Amino acid sequence: MTLGPRGLLDFDSLFQKLYPSLFRYLHRLTGDADVADDIAQEAFMRLLRQSLPEAEVRPWLFTVAMNLVRDHARKVERRSRLLTTAPVLVSSTPLPDESVERSEQVGLVRAVLEQLSVRDQQLLLMREEGFKYEEIARVIGVAPASVGTLIARALRRFAELYGSSR
Amino acid sequence: MAHIEEGMLQAYLDNEVVARAELDTHLAQCTTCAAELDRLRSASQLFASVVHANDIVAPTSAAFTAIRAARRPIVRKPAALVRVPLARAAMLLVGLAAVASAAIPGSPVRAWISEALRSVGGVQQDETAIPAVQPAPEPAPSDERGAAAVTIEPADGRILVVLSGATAEATVRVRLVKTPRASVQVSDATAQSRFRTGPGRIEAVSIGSAEVVVEIPRAALEARVELDGRPVFEKNRDQLRLHEPPAASDSEFVFKGNR
């Protein structure tokens, strides 16, 4: 099944199948639902201009999405360096009442994930999305034989950081 | 006994090895490797449970609608592309002819151009300004005088509360509520206090030293409270931003006027 100008129906079903996974991956990576949605939509818009075998679509989408995440991070960093007004106080105050515990948990997980390298976050999150080692290797740009070791070390680092943060 | 390398154990755990039987045999006999496999399994389960806890529902339908709208085809008009070059050529010829004619003393074209320049110069000397393009005005808000409390529905999940005319004694309490409507209540309202509302927007002007209670629905996608032109409270989905330290924070956020 090939995606192309005659493949509009294919795009629609691929979108329904892959968008939730891509959004979930991006949301876990960035911690921002709006950014995750914007980047996922942009990746699918770019997919419309491609003609790919179905097996290539998911790795392609996630590769494009990661490039967009990096672009976004660079823009955010550039913007914060150009700010001339006093920085706005950003409080990490969680929602009161029953959301306190959840908000603390969200903050804790983000804080731990951000201590991992971007590559480690990608490795672990792609693995959670069910990618095979060969696909992970292709997207991240490492040798397939090294993926197992990289994942094991990333998991160990995550467990250590998470344990020490509680 | 040689142990299984960490990466191989991880691959075994992830069903990425072909020769599982060999590894099964080793793991049955080697407590060190079996313990290491358990540690990897625990770390994997910890990661999965932790990231799953933060997941939210993907906005698939909304995203699909947005992409469909962006995929509308662009209508091209090939006839126009043919006409443009001819029109440009014609204008060029006319222009050249006019320049040539204007060069001739006493020519009517020269007189016409001179008159046109004079009239332009006259406009400039009179300094008749070209009116600036005015920004489209906001929808005229409804004016509710004398009301002590106003409630509205969010507009597309968004709420904006604008409070103005506060003295240093004014107190603004912002609360998150389970109800779907936003509200602003002004206690000890003065005769000058007024409410104005628009889609997803409440304005309370001339609040003086009153106590103002702002209730924001938890379900609101975005909400913002401004006090005399400065933002004090923002909500974006489940994230809050407080632009200045609130006076107290138990089940509400309290801000004072005129800092």
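The values are calculated or read from the model by the stated rules, or taken from the named source; none is laboratory data. Computed from a predicted model, the values in this text were never measured in an experiment. Glycine gets a Cβ as well: all are built from the backbone with ideal geometry, and neighbour counts include every protein chain shown. SASA here: full protein model, heavy atoms, side chains in, ligands and nucleic acids out. Shrake-Rupley method; radii C 1.70, N 1.55, O 1.52, S 1.80 Å.
Observations on the structure shown:
- Amide H partners (placed H, <5 Å) of B:VAL162, local residues excluded: B:ILE202, B:GLU203, B:ALA204, B:GLU226
- In this simple spin-label approximation, A:MET45 and A:ALA143 carry label points 7 Å from Cα along the Cα→Cβ vector, and these lie 4.0 nm apart.
- Solvent-accessible surface (1.4 angstrom probe) belonging to B:THR25, in square angstrom, nearest 10: 80 Å²
- Shielding by partners for peptide A:153-159, expressed as the average number of C-beta atoms from other protein chains within 10 Å of each residue's C-beta, is 5.
- Karplus-derived HN-Hα couplings along segment B:152-169 (A = 6.51, B = -1.76, C = 1.60, θ = phi - 60°), whole Hz, x at Gly and Pro: 9, 8, x, 9, 6, x, 10, 9, 10, 10, 10, 10, 9, x, 8, 8, 5, 8
- Pairwise burial B:A, computed as accessible area of each alone minus the pair, summed, 1.4 Å, Å²: 4500 Å²
- Amide H contacts of A:ASP32 (H built 1.01 Å from N, under 5 Å, at least 5 apart or other chain): none
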